[in-house]
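The values are calculated or read from the model by the stated rules, or taken from the named source; none is laboratory data. As the structure is a prediction and not an experimental result, all values here were calculated from the model. Don't worry about glycine lacking a Cβ; one is built from the backbone with ideal geometry, like all the others, and counts go over all protein chains shown. We work out accessible area using only protein heavy atoms, side chains counted, and drop any ligands, DNA or RNA first. Shrake-Rupley method; radii C 1.70, N 1.55, O 1.52, S 1.80 Å.
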There are 2 protein chains.
Amino acid sequence: MLKVYGDHNSGNCYKVKLLLTQLAQSFQWVNVDILKQESRTPEYLEKNPNGKIPLLEIEPKVYLAESNAILHYLSEGTPLLPSDRLLHAQVLQWLFFEQYSHEPYIATARYIVRYLGSPPEYAKALAEKRAPGYAALDVMEGHLTSRPFFVGARYTIADIALYAYTHVAHEGGFELSRYKRVNGWLERVRNQPDHVPMEPLLVSERAKS
Amino acid sequence: MLKVYGDHNSGNCYKVKLLLTQLAQSFQWVNVDILKQESRTPEYLEKNPNGKIPLLEIEPKVYLAESNAILHYLSEGTPLLPSDRLLHAQVLQWLFFEQYSHEPYIATARYIVRYLGSPPEYAKALAEKRAPGYAALDVMEGHLTSRPFFVGARYTIADIALYAYTHVAHEGGFELSRYKRVNGWLERVRNQPDHVPMEPLLVSERAKS
């Protein structure tokens, strides 16, 4: 059975859980607490030398890292990844956009606020995430002006990847209310069959641990 | 004919040029000078709303952004992208590693040093790139201990993506001499048929412009 090493409150890990659920594929979840440095132990680094979650164990001792590479691997041959060459390329374009222009600002702002409890020494780093984070949301808003989903006319893993941290962007201090198209899209993603929500983040518990 | 919008000194753009050359595919190069804000003009943003290079124009007015999505698109069905499902997934894993854990430190350090001329106000940002940049190089060194290339036994687009900024990491102040395996791999990449070097960066010209 597939095994996922992850944290239930991490958007990158939630992507994998959401996809596997929508593909009706069973999996075993192994919790890895990054605040307790569980992704930096010698045992974990043996599995993923880059020390990050999520990590997919495809079969015993065969591992695949990087959330969006995992999404691509799991969705190939399903309706969630278009086989058309151009649409497939556009899905990958949005997956790279998410990891380069979106996640480093929107996810890490949330990490500073909700995992670390906004310590003063992170104030400048947090402030610096605002402009590029909003720039990513602006790009999304513009793209969704004429489309229901990110690629083609259908829900794909590009939507799963972008939904993961966009729908909790407010937890990192981003004001989402001004993004009308993004909000409509978030609602469409939530209405997909077999959608599961991300587990609520227990701020006080994480900040204390 | 394929059209590439890019900057000859950008590693992300060089990836595309190197791949197209090795695939013996002809293309037209349209120079975009990021220091002159040419990727932020209304005309360019019409093509790529995220305002980044490289950008591939597949056919008139059909664009594909994100360097690694472009590599994947262009190499599908060629020996540079394995068709085996697991090897293919591993290629994508390294492409995402490159954009998330490598490029933001190793490429941007080079940008601060060689494009911007290391202005004092960037000293702290530059210093903060050292540890994660070396961490990425450490991961690469470890992976190459038992392998000639990043995925399988052959040169793939994972090597092209990682070569682009690794081979000029010293231009951003990274000390590469301690990475014996990485150096051997750089040499193997350079020895591939139809390899073309990145154009030398004319520091003074860029810093002045």
Which entries of A:Lys52/B:Lys180; A:Lys17/A:Lys47; B:Lys3/B:Lys52; A:Lys124/B:Lys124; B:Lys129/B:Lys180; B:Lys47/B:Lys124 show an alpha-carbon separation above 23 angstrom in the structure shown?
A:Lys52/B:Lys180; B:Lys47/B:Lys124
Computed over region A:6-129, the ratio Rg/Rh where both radii use C-alpha atoms and Rh is Kirkwood
1.00
Long-range tail of P(r) for the protein assembly as shown (Cα pairs > 38 Å, %)
16
Share of region A:1-138's accessible area from carbon and sulfur, percent, 1.4 Å?
53
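Once the Cα gyration tensor of chain B is found, what semi-axes does its equivalent ellipsoid get, as square roots of 5 times the eigenvalues, in whole Å, sorted largest first? Kindly include the intermediate steps, with their values, before the conclusion.
Details: eigenvalues 126, 115, 41 Å².
Listed largest to smallest, the semi-axes of chain B are 25, 24, 14 Å.
Provide the net charge surrounding B:Glu59, with neighbours chosen by a C-beta distance below 15 Å and charges set as Lys +1, Arg +1, Asp -1, Glu -1.
Details: positive: A:Arg85, B:Lys3, B:Lys47, B:Lys61; negative: A:Asp84, B:Glu57.
Summing Lys and Arg as +1 and Asp and Glu as -1 gives +2.
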Once you have a ≥ b ≥ c as the square roots of the Cα gyration tensor eigenvalues for region B:2-75, tell me rounded if a/c is under 1.5, and otherwise prolate or oblate according to whether a/b is larger than b/c.
prolate
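Could you compute the longest span of chain B free of trypsin sites (Lys or Arg not before Pro) located in DSSP loops and having at most 13 other Cβ atoms within 10 Å, not counting the site residues? Please list the in-between numbers first.
On the way: sites that count: B:Arg40, B:Lys61, B:Arg178.
That gives B:62-177 as the longest site-free run.
Return one whole number: the accessible area per residue of the protein assembly as shown in Å², for a 1.4 Å probe. Don't jump to the answer; show the numbers that get you there.
On the way: 17900 Å² over 418 residues.
Per-residue value: 43 Å².
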Rounded, prolate or oblate (a/c below 1.5 giving rounded, otherwise prolate when a/b exceeds b/c) for region A:54-100 by Cα gyration tensor:
oblate
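Kirkwood hydrodynamic radius of region B:85-190 from all distinct Cα pairs, in Å? Intermediate values should be presented prior to the final figure.
Working: mean 1/r = 0.0711 Å⁻¹.
Evaluated on region B:85-190, it is 14.1 Å.
Can you give the accessible area buried between chains A and B, summed over both chains, with a 1.4 Å probe, in Å² to the nearest 100? Before the final figure, lay out each step's value.
Numbers: alone 10370 and 10350 Å², together 17900 Å².
Using a 1.4 Å probe on protein heavy atoms, the buried area is about 2800 Å².
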Hey, can you list the residues from region B:84-111 whose accessible area shrinks by 40 Å² or more with all protein chains present, relative to the chain by itself (probe 1.4 Å, no ligands or nucleic acids)?
B:Arg85, B:Leu86, B:Ala89, B:Leu92, B:Gln93, B:Phe96, B:Gln99, B:Tyr100
In terms of the charge dipole of the protein assembly as shown, which places +1 on Lys and Arg and -1 on Asp and Glu at the beta carbon, the residue among B:Ser26, B:Leu55, A:His88 farthest towards the positive end is B:Leu55
Suppose only helical runs count, i.e. DSSP H with n ≥ 4. What mean residue ellipticity at 222 nm does that imply for the protein assembly as shown under -39500 (n - 2.57) per run, divided by all residues and rounded to the nearest 500 deg cm²/dmol?
-13500 deg cm²/dmol
If you place +1 on the Cβ of every Lys and Arg, -1 on the Cβ of every Asp and Glu, and leave all else neutral, what size is the dipole of region A:85-190 about its Cα centre, to the nearest 20 Debye?
280
Where both residues lie in the protein assembly as shown, what percent of DSSP beta bridges are antiparallel, nearest 5?
60
So, with points 7 Å from each Cα along the Cβ direction, the A:Thr41-B:Arg181 label distance in nm works out to 2.4
With x for Gly and Pro, the residue-by-residue ³J(HN,Hα) of region A:95-103, computed from phi through the Karplus equation 6.51 cos²θ - 1.76 cosθ + 1.60 at θ = phi - 60° and given in whole Hz, is 5, 6, 4, 4, 6, 9, 10, 10, 4
